[in-house]
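The values are calculated or read from the model by the stated rules, or taken from the named source; none is laboratory data. In this text, all values refer to a predicted model and were calculated from it rather than measured experimentally. Don't worry about glycine lacking a Cβ; one is built from the backbone with ideal geometry, like all the others, and counts go over all protein chains shown.
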Amino acid sequence: MNAVLKPAFPQLRKMQRADLDAVMAIEPTLYTHPWTRGNFTDSLKSGYCCHVLELDAEIIGYAVLMPVLDEASLLNISIAKTFQGRGFGRNLLNQMAAIARKNKAQTMFLEVRLSNKVAIALYESMGFNEFSVRKGYYPAVDGREDAILMGLAL
């Protein structure tokens, strides 16, 4: 009998405090000004929708969504560098949009660095639209960087 390996599919689950070591191993590899452990801990304590994306029991990504009335703000969405470019970001974003809908949000918002062309292209391909530019929103190595505020009608 021949064994057939099934392709692994990422699984989304709620983030636990025990996941923070794995999340913190990824976060500083992606950003010049990463979130701190305290940012993630505060998000968990506040009851935000914090999730991790696992592939074969390895955390490869995570997201933090803050629902407020009929809106949801995607505060952080990240895929580990070694797993980028394989559709996992799109998968995670789709699942977070579904969670926003389940929380009765009509619009999901996010900010993205003006220089993050890959993320902007992903968001636009999924139907996000630019609402405005937030001048000097992000800290940067050489001062501040503008953010694009984008929204998706759910």
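Data table
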quantity: Test: residue in the range 89-103 that is surrounded by fewer than 19 Cβ atoms within 10 Å (Cβ to Cβ), within 18 Å of GLU27 (Cβ to Cβ) and modelled with pLDDT of 95 or more; calculated: no
quantity: Strands (runs of 3 or more DSSP E) lying entirely in the range 82-154 (those with 1 or more residues that are farther than 25 Å from ILE59 by Cβ and of a type in the set (S, T, N, Q)); calculated: 107-113, 129-140
quantity: Pairs where the first residue, in the range 14-32, is more than 13 Å from GLU54 (Cβ to Cβ) and the second is among the hydroxyl-bearing types (Ser, Thr, Tyr), C-beta under 6 Å, 6+ apart; calculated: LEU30/SER78
quantity: Residue that is nearest to ASP56 (Cα to Cα) [pool: residues in the range 7-19 that are modelled with pLDDT of 95 or more and within 15 Å of the chain's Cα centre (by Cα)]; calculated: GLN11
